[in-house]
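Single-structure report; data block below.
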Amino acid sequence: MTIEQQSLEQEPSSTKLALSLAFAGLISGIIIISIFEATLPTITANKARELREAVFKVLPNVTSMQKLQFDNGKLRVRTEKGADEDTIYGGYGSQGQFIGYAVEGAGPGFQDTIRVLYGYLPEQRKIVGMEILESRETPGLGDKIFKDMAFVANFDDLSVDPKIKAVKKGTKSAPYEIDSITGATISAKAVVRIINEARVRWEDRLPAPGNEPKLELVSKKAADEGKGDTPPTPAPGN
Amino acid sequence: MAINIKDPSAVQEMMKGLWRDNPVFVQVLGMCPMLAVTNSAINALAMGIATLFVLVGSSALVSAFKNLIPKQVRISLYIVIIATFVTVIDYTLLALVPAIHKELGAFIPLIVANCMILGRQEAFAAKHSVGFAVMDAIGMSAGFVIALFALGSVREILGNGSLFGIDLFGAGFEPWVIMILPPGGFITLGLILLFFNWVTERKARFLEQVVAAEQARG
C-alpha cells in the first residue's frame, strides 16, 4: 500500500466535510435567527425610549412629540417610513402649541461616529438642549461631551447666529460660543461641527416660524409637569 | 459524563486557569480585549462575563461533539460554534444592558477572534470529556476575568479617581489621564506581568531551596 493510498483512506470524503460544515452552519443560523427575533422587540423599544427621552430632554416644557419628515420640499407629519436623515421631531406643549424641533445629526468624532440630538427653537433661533445619542469617545476624556454637565449646559441657551464656535474653556464671551473641554478638544469640536452641519442642512427646510406642522395626535405626558426626567408616554403612531 | 466536583483532578483543571496557567498573565492570550476595554472596572467585568459565557458554552459543545467533528474542518467548526455563542451574548447584552453594550461596542463581536477561546477548544475541549472541558473553561475564564478586573480597576482608580463610577478621592485628586488611554493599558499590563513573574520566580527559588535543604539533610 503506497503512502498516497493510505492518506486517501484516512481522509473522509469532501461531501462529508461539506455536509458537517453545512449542518453546523444551519444550526448556528437557526440559533442566531431565534435570538435576533427574541431580542428585537426589546432592542427596538429601548432605542425608541432612549430617543423619546432625549427629545423631551433637549426641548424644555414639551409634553408631546411627533415625527416630522421633509418630503417634496415641505415639512410634514411623518406617515410612513422615510429616510431617517430627512426626519426630525416636533415638540409640542400641553395645549398642543408648537414649541421647537429636535434635530438629529451625526458625524465623525475622535474614535467613531457621534450621534447628537439638539433642541432648536426656530423663532428665537436658539439651541436649548443637547444630548449625545451615541458615541464611543475615550472614557474619561472624550466622553465628557455627555458626562461633563458644565459642557452640556453650554447648549442650554445658545445662539446659532452666525454659527456655533467652540472656544478655549473659560473664554466664552459671545452667545454663540461654547466653552470647550480641556483634554477633549477634538470631541467637543466634533459636537459643534455636527450641530452646525445639521443646522445648515435644516436651515432652509424648516418652514417660517408660525407655519409648523400641527400636532396631529394629541398625547399627554403621563407624569405631572415639571418632572422632566420621568419617561413620557409614547406618542401614538410612533 | 457527570463529574464529581470533589474529584481533585477536576478541581485542579479549574484552579490551574486562575494562577498557574492564567490565560493573561502566563499564556499572554486575549490581549486585544485585555488592553482595549479595561479602562473602567465595569467594562472589564462585563467583557469578562461575556467571554466566560462564550468559552464555557463552546467548550461544552466542542467536547460533546468531538467524535463527530471531522479533523480536517475542526477549526472552522470551532469558529462557527464560538461565533454563534458570541452572537447570542451580543444580542442579549444589547437587549438587557444597552448602556454597557454601548461602552463595549465593537469588542463583543471580537470575542470570536479571542485566541484564548479557540486555543482552549483545540488544546483541551477537543481531547477531554464534557465535565473536564467545562471545568477547564470556567477556570480559564475566571482567570481572564480576574486579569481584566485587575487591569480595569487599577486603570479606573488612577485614571479617573473612581471605581465602578463611584468617586474615591474627591475633588482634590488630579486623574492620571494617561492611565485610561491606550499607553496606560500597556504600562499597567507590563507592571502586572512584572509582578507576576517576580512572584513566580521567587516561588521557584523558594522551592529549589527547600529541595536543596532536603537533599542536604538526607
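Only the coordinates and a few stated rules stand behind these numbers; no lab work does. Fair warning: this is a prediction, and the values are worked out from it, not measured in the lab. Cβ: placed from backbone, ideal geometry, glycine included. Neighbour counts: every protein chain shown.
Details
- Projecting label points 7 angstrom from Cα along Cα→Cβ for B:C32 and A:D156 puts them 4.3 nm apart.
- Surrounding net charge for B:L104, when Lys and Arg each add one and Asp and Glu each subtract one, Cβ distance under 11 Å: 0
- Under 19 Å from the B:I49 label point (7 Å along Cα→beta-carbon), backbone N, the range B:111-142: B:111-112, B:138-142
- Order by protection proxy (mean Cβ within 10 Å, highest first), peptides A:170-179, B:11-20: B:11-20, A:170-179
- Kyte-Doolittle mean at least 0.5, axial Cα span of 18 Å or more - DSSP H helices of chain B: B:41-64, B:74-96, B:130-160
- Ranked by the mean number of other Cβ atoms within 10 Å of their residues, highest first, the peptides A:124-130, A:19-25, B:191-197, A:63-69 come out as A:63-69, A:124-130, A:19-25, B:191-197.
- Per-residue mean of foreign Cβ neighbours for B:89-95 is 5 (Cβ atoms of other chains, 10 Å radius).
- For the range B:8-217, size of Cβ-based charge dipole, Lys and Arg +1, Asp and Glu -1, in debye: 600 debye
- Sorted peptide list for B:178-188, B:203-213, criterion being average Cβ within 10 angstrom, highest first: B:178-188, B:203-213
- Counting, for every residue in B:99-107, the Cβ atoms of other protein chains within 10 Å of its Cβ and taking the mean gives 2.
- Dividing the summed -39500 (n - 2.57) terms of all DSSP H runs of n ≥ 4 by the residue count of the protein assembly as shown sets its mean residue ellipticity at 222 nm at -17000 deg cm²/dmol.
- Förster-model FRET efficiency, 45 Å R0, B:E122 and A:K47, C-beta, rounded to 0.05: 0.70
- Taking Lys and Arg as +1 and Asp and Glu as -1, the other residues whose beta-carbon sits under 12 Å from that of B:E208 total +1.
- Approximate spin-label separation B:L96-B:I75, in nm, with each point projected 7 Å along Cα-to-Cβ: 3.3 nm
- Pairs exceeding 18 Å between alpha-carbon atoms, taken from A:K147/A:K189; A:K57/A:K169; A:K47/B:K102; A:K47/A:K147; A:K74/A:K163: A:K57/A:K169; A:K47/A:K147; A:K74/A:K163.
- On the beta carbon distance between B:A212 and B:R20, with R0 = 25 Å, the FRET formula returns roughly 0.65.
- The alpha carbons of the protein assembly as shown stretch over 96, 60, 43 Å along the principal axes, in descending order.
- Counts of other chain beta carbons within 10 angstrom of each beta carbon in peptide B:39-45 average 1.
- Cβ-derived FRET efficiency at R0 22 Å, A:D71 paired with A:E197, nearest 0.05: 0.60
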